[in-house]
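In what follows, a single structure is set out as structure tokens and then discussed.
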Amino acid sequence: MSKSDIKSRADITLLVSSFYGKIRVDEILGPIFNGIITDWDAHLVLLTDFWETQLFLKRKYYGNPVTAHQEVDDKMKHSITPEHFGLWLNHWFATIDELFEGETTWIAKNRAQKMSTMLYMKMFENRQK
């Protein structure tokens, strides 16, 4: 089966829902996400908006991912580690590779990798306050 690139909101919806389906059942990440997120339907729409903003430069997302991740880390008593972000990235890359290929697909991987590093650093800085 030939894969296509990420081209539309429908593609992002497929990616986000497939990816978080894996995250929710992951033995390490699942308890974190399922313990924090109370409305998965709304969260998936929010994340689809986020990735549509990132990949297609359509301003759909207006949240603050740094603050959101700092709040999660606070709720988890600062137990989030780089390994958690590594597991997240492994699932992200695997899901993308299962579904898509192309330039926007590469951008989705690259942005996630850069964001994961930045978000962890901002969480770590927040712990010092």
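Evaluation of Leu14 against the conditions (1) modelled with pLDDT of 95 or more; (2) over 20 Å from Ile107 (Cα atoms) shows that the sole unmet condition is (2).
Please find, within the stretch 84-129, the residue that is modelled with the lowest pLDDT out of those that are over 14 Å from Trp51 (Cβ atoms) and not in a helix (DSSP H, G or I). Ranking the candidates gives Lys129 first.
For the residues His78, His84, the requirement of being over 11 Å from the mean Cα position of the chain (by Cα) and closer than 21 Å to Gly21 by Cα singles out His84. Among residues of the stretch 109-129 that are over 14 Å from Thr67 (Cβ atoms), those with a beta-carbon under 6 Å from a residue that is of a type in the set (S, T, N, Q) at least six positions away or on a different chain give the pairs Arg111/Gln54. Yes or no: Thr104 among the polar types (S, T, N, Q) and touching an Asp or Glu at 6+ places or on another chain (Cβ under 7 Å)? When the stated conditions are applied, Thr104 passes them. Note on the stretch 1-26: among residues that are part of a loop (DSSP other than H, G, I, E, B) and without any contact (Cβ under 8 Å) to a residue 60 or more places away in the chain, the one that is surrounded by the most Cβ atoms within 10 Å (Cβ to Cβ) is Ser8.
Of all residues in the stretch 98-129, those being small (Gly, Ala, Ser) and surrounded by fewer than 15 Cβ atoms within 10 Å (Cβ to Cβ) number 1.
Within the stretch 32-43, not a single residue is in contact with an Asp or Glu (Cβ under 9 Å, 6 or more places away or on another chain), under 24 Å from Glu101 (Cβ atoms), assigned to a helix (DSSP H, G or I) and not polar (S, T, N, Q).
Restricted to the stretch 27-45, and to residues there that are surrounded by 16 or more Cβ atoms within 10 Å (Cβ to Cβ) and not β-branched (Val, Ile, Thr), the residue that is nearest to Thr81 (Cα to Cα) is Leu29. Among the residues of the stretch 57-65, not a single one is under 21 Å from Glu27 (Cα atoms), free of Cβ contacts under 8 Å to residues at least 60 places away in the same chain, surrounded by 13 or more Cβ atoms within 10 Å (Cβ to Cβ) and more than 12 Å from the chain's Cα centre (by Cα).
Could you check Tyr61 against (1) in a helix (DSSP H, G or I); (2) aromatic (Phe, Trp, Tyr); (3) within 24 Å of Asn126 (Cβ to Cβ) and say which number it fails? Status for Tyr61: all satisfied but (1).
Residues in the stretch 17-36 that are in contact with a Leu (Cβ under 8 Å, 6 or more places away or on another chain) and either closer than 23 Å to Ser79 by Cα or at pLDDT below 95 (or both): Tyr20, Ile23, Asp26, Ile28, Leu29.
The values are calculated or read from the model by the stated rules, or taken from the named source; none is laboratory data. Since we're looking at a predicted model, the values are computed, not measured. Positions of Cβ are generated from backbone atoms using ideal geometry, with glycine treated the same way; all protein chains shown enter the neighbour counts.
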